[in-house]
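The values are calculated or read from the model by the stated rules, or taken from the named source; none is laboratory data. As the structure is a computational prediction, the values presented were derived from the model and not from experiment. Positions of Cβ are backbone-derived with ideal geometry, glycine not excepted, and every protein chain shown enters the neighbour counts.
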């Protein structure tokens, strides 16, 4: 499939890129990882005003969607700038609420999510934890066939990516629905993760290319060494193969296509992370160096909303088991 973004979609990506570049997201990420929310919430509001969360919500709930291709465009940029917070989880919560048979919970909760006044998290199927439950104002808990509005959260658990803060949600709470559309929410969440991972990988590659062009050994740039060129080329090819899968999956919204896109994008980002670490040497290991913000995220996204094995099983089974 050959997928080319139209002029409006490219302009949307460029506007998000400009906004996030000006926001100094590395400083926001570090503050978020320390549990300091002020800068993160301000950035969240700007992302919402740009219309990102409205892309997953129907017009009946003050959204603009569903527009999965535009959502993928947005999440590539969010990944490129390592924006923190329960971004994917807010999308999943939006899809869950919008798909309920009873429109009451959606009418009550979705407008605030679309506008950025509220931030949502939700437990992924099979996981006892929700991302950033300590920061979210709307906490949805999936337990069996029930969707509940959780009244609180437990302590933050350690994570490979310090800016991703998993928390258990408190049991009980208001019952919103039985048999919610979990499969559709997982579908949108996996698409968002795939796009986010693609953006993470692109930044890792761009930063590494710039670094090896500046660092010298034996009087020449490291980037002139054949072995370094080969590693960078392999990472570039993997990302370029993943890109059309991500946008193609956004067009079809087929579970098989989305699962394949998530596997390819996350593995490409992970390859880019390993290449970046090898090419930077010892400095790549330091938490003070901005590269680490993308390195840890690339690893964490591999298992978010479905491990590589789970997504491969979806592909091999033709989407019959999700």
### Message
Restricting to the stretch 141-154, count the residues that are in a loop (DSSP other than H, G, I, E, B) and within 21 Å of residue 87 (Cβ to Cβ).
### Response
1
### Summary
Within the stretch 155-172, the residues that are in a loop (DSSP other than H, G, I, E, B), touching a strand residue (DSSP E or B) at 6+ places or on another chain (Cβ under 8 Å) and surrounded by 18 or more Cβ atoms within 10 Å (Cβ to Cβ) are 164, 165
### Every residue from the stretch 47-60 that is under 17 Å from the mean Cα position of the chain (by Cα) and assigned to a helix (DSSP H, G or I)
47, 48, 53, 54, 55, 56
### Query
Listed residues 194, 233, 210, 238; which is in the same structural domain as residue 308 (by TED's automatic domain parsing), crowded, with 22+ Cβ neighbours inside 10 Å, within 25 Å of the chain's Cα centre (by Cα) and assigned to a helix (DSSP H, G or I)?
194
#### Entry: Number of the exception - residue 35 against (1) in contact with a helix residue (DSSP H, G or I) (Cβ under 8 Å, 6 or more places away or on another chain); (2) surrounded by fewer than 24 Cβ atoms within 10 Å (Cβ to Cβ)
(1)
### Summary
Within the stretch 106-124, residues in contact with a strand residue (DSSP E or B) (Cβ under 6 Å, 6 or more places away or on another chain) and either at pLDDT below 95 or more than 27 Å from residue 43 (Cβ to Cβ) (or both) come out as 123
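Go over the candidates 204, 176, 140 one by one and state the one that is in contact with a helix residue (DSSP H, G or I) (Cβ under 6 Å, 6 or more places away or on another chain), crowded, with 16+ Cβ neighbours inside 10 Å, touching a residue at least 60 places away in the same chain (Cβ under 8 Å) and not assigned by TED's automatic domain parsing to the domain that holds residue 276.
Every option except 176 fails the conditions.
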### Task
Could you tell me whether residue 124 is outside the structural domain of residue 304 (by TED's automatic domain parsing), closer than 12 Å to residue 96 by Cα and under 16 Å from the mean Cα position of the chain (by Cα)?
yes
### Message
Against the condition under 13 Å from residue 196 (Cα atoms), touching a residue at least 12 places away in the same chain (Cβ under 8 Å) and either outside the structural domain of residue 205 (by TED's automatic domain parsing) or surrounded by fewer than 22 Cβ atoms within 10 Å (Cβ to Cβ) (or both), how does residue 55 come out, does it pass?
### Response
no
### Message
Suppose we filter the stretch 123-140 for residues that are part of a loop (DSSP other than H, G, I, E, B) and under 17 Å from residue 84 (Cα atoms); how many remain?
### Response
6
### Message
Looking at the stretch 243-286 only, could you name the residues that are over 18 Å from the mean Cα position of the chain (by Cα) and without any contact (Cβ under 8 Å) to a residue 60 or more places away in the chain?
### Response
252, 274, 277, 278, 281, 282, 283, 284, 285, 286
## Note on the structure
Of (1) surrounded by 15 or more Cβ atoms within 10 Å (Cβ to Cβ); (2) at pLDDT below 95, residue 152 fails just (1)
### Message
It is to be established whether one or more residues within the stretch 213-225 are in contact with a strand residue (DSSP E or B) (Cβ under 8 Å, 6 or more places away or on another chain), exposed (fewer than 13 other Cβ atoms within 10 Å of the Cβ), on the phi < 0 side of the Ramachandran plot and assigned to a helix (DSSP H, G or I).
### Response
yes
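Please work out which residue is surrounded by the fewest Cβ atoms within 10 Å (Cβ to Cβ), limiting yourself to the stretch 288-304 and to residues that are out of contact with any helix residue (DSSP H, G or I) (no Cβ under 6 Å at 6 or more places or on another chain) and within 24 Å of residue 217 (Cα to Cα). Even if it seems obvious, please write down each step before you answer.
Taking the stretch 288-304 and keeping what is out of contact with any helix residue (DSSP H, G or I) (no Cβ under 6 Å at 6 or more places or on another chain), we get 288, 292, 296, 299-300, 303.
If we keep only those that are within 24 Å of residue 217 (Cα to Cα) as well, we get 288, 292.
On the way: 288: 7, 292: 22.
Out of the qualifying residues, it is 288.
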